[in-house]
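Notes to accompany the following structure.
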Amino acid sequence: MTDRYSFTEEEWRLVVATPYVVGISAMIFDPTLTSLVMEMAALRKIIKTAAGQYGHNALVQACIQDTDTFNQNESRRVAEMKVASLLEMFREVLMVVDLKAEPDEAQDFRYFL
């Protein structure tokens, strides 16, 4: 079973930020306030749905639980990142999850994203 304690504090911060990175990346082509509100609402809905869909996956559940504490400053920092930085962050977190999580949990995490 993989949980937040399988990662360093910095690695876990990346894991928890990744759902936001994916959601915010969709706004690159429409960086308006309306787009931000719509994407954040869609992201919350997806996370809520994933909680039930991946109820068997400790990694996804821990990530979802900690996204509730993902504060506005963190989400603003992610929103201001350049495309290349977002892609690099995404690659990095997938590599870390692949190395530290159980294979089935890592695969579910990829589907979750």
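Key figures
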| item | result |
| --- | --- |
| Qualifying residue in the range 22-30 (condition: open to solvent by less than 70 Å² (accessible area, probe 1.4 Å), modelled with pLDDT of 75 or more, under 15 Å from L87 (Cα atoms) and within 12 Å of the chain's Cα centre (by Cα)) | yes |
| Options T49, T34: the member that is in a helix (DSSP H, G or I), of a type in the set (S, T, N, Q) and at pLDDT 85 or above | T49 |
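The values are calculated or read from the model by the stated rules, or taken from the named source; none is laboratory data. Since we're looking at a predicted model, the values are computed, not measured. Ligands, DNA and RNA are excluded from the accessible area calculation, which covers all protein heavy atoms including side chains. Shrake-Rupley method; radii C 1.70, N 1.55, O 1.52, S 1.80 Å.
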